[in-house]
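Heads up: the structure comes next, in structure tokens.
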Amino acid sequence: MSSLAAVTRVFRLTVLRKRVRHAWIETRWRIRKRTDYAIDGTVDAILGVKTFSRVPLAPDLSARNIEYDPLPYRSLRAIARHLPLSPGDHLLDLGCGKGRVLCFFALRRVRRCSGVEISPQLAEEARRNAQFLRARRAPIKVTLGDAIEAQIEDASIIYLFNPFSAEVMAPVLRNIENSLRAHPRPLRICYANPAQGTLLESCDWLTRTDRFLVTWNGWHTCPVNIWSAGSQPAENAPTLGPARLRLRRGGSACLKESRAAAERLTRR
Ligand SMILES: C[S@@+](CC[C@H](N)C(=O)[O-])C[C@H]1O[C@@H](n2cnc3c(N)ncnc32)[C@H](O)[C@@H]1O
């Protein structure tokens, strides 16, 4: 074989290997994404809610605010493992969309879950979901409005899934800090896909206590950071790795949990 033919062969083999690898990565991504959709649709059906599918924001809102696109339930389970809750906790989701997070945490023993949503259509859907949620253990309140003007009140956990730009995040953080001054208490901020994370890093009243990855749109690449304020112990070491491993088991556990919740309800 001439040297030119050998070089051509090696080149073709390399190209083929790359194509096969890309095809394999894409197939895995599609399978994961569809599996998540199937799990989310089933969990929604079991819980009697409709939190599925993304919804674009109205054009006049989209410059500073991010559209509705929830994390899959199995990622919420992974987050819940990193966010131990107590019966006294009040969870506030700023930018709650259709209320998936509110419904998910209201199945647990917490004092209450509340959400603020800027889109009237989404806020209405969140209210409907809260009303029809099966096996709810905590009350849910949804407020239509801008997170900038949100009543933080006595919230002990603030949940954010990349809801808005820095323009909105800065006043929101000032609002949270003022609420802490008025009512000193332990507070945790759970921020998924923390696009404005540098703003939180620059707050001297906050300490990052945990960070890990969850799955989103089929990729295991959505970072979640938890910041604590007040007398919250900074006991959780950063754990970027193990959450990834545990995610694989998250799907079936999610289904089991929602089925168990529905069974509890029918037994009552
Ligand atoms: C990425 S979604 C997250 C939804 C929900 N937190 C979840 O995890 O399922 C962001 C949501 O924030 C809402 N949002 C964006 N800007 C907002 C603002 N300034 N005030 C209140 N809600 C806002 C959007 O309408 C959208 O529903």
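Remark on ALA195: its backbone amide H falls under 5 Å from those of ASN162, a criterion applied only to residues 5 or more positions apart or on other chains, H modelled at 1.01 Å from N.
Amide H to amide H distances under 5 Å link THR143 with GLY115, VAL116, GLU117, where only residues 5 or more positions off or on other chains count and H is placed in the peptide plane. Taken one residue at a time, the phi angles of the range 125-135 give Karplus couplings (6.51, -1.76, 1.60, θ = phi - 60°) of 5, 5, 4, 5, 4, 4, 5, 9, 4, 7, 6 Hz. Gly and Pro are set to x. Database remark: amide H of TRP216 closer than 5 angstrom to the amide H of THR221, CYS222 (H placed geometrically; neighbours at sequence offset of 5 or more, or on other chains; Pro and chain starts carry no H).
Read-outs: derived from the displayed coordinates by stated rules, not from any lab. Just so it is clear, the model here is predicted, and its values are computed rather than measured.
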